[in-house]
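Structure first, commentary second.
The values are calculated or read from the model by the stated rules, or taken from the named source; none is laboratory data. Quantities reported herein were computed from a predicted structural model and do not represent experimental measurements. Cβ placement follows ideal geometry from the backbone for every residue including glycine, while neighbour counts extend to all protein chains displayed.
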Amino acid sequence: MKVSRTGRIVAAALGLLIAGRAAPVAAEPAGGPPAAPAAEPQAPTGDPVQWVRTLQLLQDRVAAGSRAAHESQPLLIARINADLLAVPPEIWGRRSNIRAAITFALSGGGPSVLRRLTAQDGLGEPEATLARGALAYVEGREAEARRLLQDVDTTDLPPTLAGAIGLTQASLAVPDQPIRAIALLDRVRVLLPGTLTEEGALRREIFTLGQIGDLKTFEALAIQYLRRFPHSIYAGNFRQRLAYQLTQFDIGHDAERFATLNRILDELGPESRRDLYLVVAQTAIQAGQTAAALRASEKALALCAPGSAEATRGQLYRAAAEIVSLATFESGSRTLRSLDRAKLTARDMPLLETALSTAEAIGRGLAGRPGLPEADAAAKPARAAPDPADGPASLIPKAQATIDRIDLMLSKATP
């Protein structure tokens, strides 16, 4: 029988993990070498505790950057879910198996096993409360989940279950109790170092710190994340959110705050650093923070090869920020008109069009103003004859008002 590539990945992953050789691996490139041929995927042998441990070992490889592990995770979850639903009822007479099922549900396993467990009597405590709370959380009933889980003391629980419950408690606490969420995430990180659980807790804690404005601890943990989990499958999403969060700290108007960005990005190689500076510049333009966009685009351009697509993006973000200042309006407007559109991504084209139309609007306002260059006539549409009352003196406040609105206009672009 022909075995699919996905099936081979699952079988190879299970064989490797069950054999106890699941040490973290370096990131695997997309489309890397296929897993070694194997027989049809087999469910892990043993009991629910071993099955869930297998899943967690696979997930830890996701944190280390294994794309094969990431690809096979949904299939392994589906297989374990089916096996848990098929076990004889007496299996659930053991507390360890119930705890494994709760951990499984909170690790991506879904609600079906917990629905069956919570429908039966005799689970005992704290397992009955944990199972009902976990089920409520997985099914999106957050108020009930908070009522059942917020006061649970995880000290005496096994580390894996304590980590899963701690992450859940923190997620429920973030909106209204961010300080408590941070304390919970701190404990989870210490409890399960080197795991996907730690990686997830670290990511969540960083952005919760951003929510409360703790820049110093935010910087320390962001650097820690980039050092500990540079290859995580979720690192790309983390960097996008990191760029957004940094703009919320208003890094453009404060040299020390911008230095924080530099210290965080110094943890990356030149190409990754360039790419993240570009993301910060792009995000800052979207947020109307032109000072941050200028600083970040300059740092990015210093790392770009001349004439590259990355350099074109950096020039776009810098020019879009420059047109809001009378001192740099002319150079920014000229750069916008000279950009090679073929080197811009589809995500950047709306920003370019918005910046060009805004530059034209400012140029029309500045036309004829004493001591200032006129906008390039080729870039301006024909205008109706001016009203006699609309003299140079009245154009000055109009131009300034246009400049004051530029951040808002640019923020409406959707790169």
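So here's what we get for this one:
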{"quantity": "Residue list for segment 172-181, filter: in a helix (DSSP H, G or I), surrounded by fewer than 22 Cβ atoms within 10 Å (Cβ to Cβ) and touching a helix residue (DSSP H, G or I) at 6+ places or on another chain (Cβ under 6 Å)", "calculated": "173, 178, 180"}
{"quantity": "Residues (under 21 Å from the mean Cα position of the chain (by Cα) and at pLDDT below 95) located in segment 175-192", "calculated": "175"}
{"quantity": "Residue under evaluation residue 194, criteria (1) crowded, with 16+ Cβ neighbours inside 10 Å; (2) in contact with an Asp or Glu (Cβ under 8 Å, 6 or more places away or on another chain), criterion not met", "calculated": "(1)"}
{"quantity": "Matching residues, segment 105-153, being outside any loop (DSSP other than H, G, I, E, B), acidic (Asp, Glu) and under 27 Å from the mean Cα position of the chain (by Cα)", "calculated": "142"}
{"quantity": "Selection count, segment 313-346, where residues are among the polar types (S, T, N, Q), within 15 Å of residue 279 (Cβ to Cβ) and either at pLDDT 95 or above or crowded, with 19+ Cβ neighbours inside 10 Å (or both)", "calculated": "0"}
{"quantity": "Lone qualifier among 78, 69 - being among the hydrophobic types (A, V, I, L, M, F, W, C), assigned to a helix (DSSP H, G or I) and in contact with a Lys or Arg (Cβ under 6 Å, 6 or more places away or on another chain)", "calculated": "69"}
{"quantity": "Qualifying residue in segment 251-260 (condition: in contact with an Asp or Glu (Cβ under 8 Å, 6 or more places away or on another chain) and either surrounded by fewer than 18 Cβ atoms within 10 Å (Cβ to Cβ) or under 24 Å from residue 62 (Cα atoms) (or both))", "calculated": "yes"}
{"quantity": "Subset of segment 292-302 (residues that are surrounded by fewer than 17 Cβ atoms within 10 Å (Cβ to Cβ) and either among the basic types (Lys, Arg) or in contact with a helix residue (DSSP H, G or I) (Cβ under 8 Å, 6 or more places away or on another chain) (or both))", "calculated": "298"}
{"quantity": "Condition check for residue 92: assigned to a helix (DSSP H, G or I), surrounded by fewer than 22 Cβ atoms within 10 Å (Cβ to Cβ), modelled with pLDDT of 90 or more and out of contact with any His (no Cβ under 6 Å at 6 or more places or on another chain)", "calculated": "yes"}
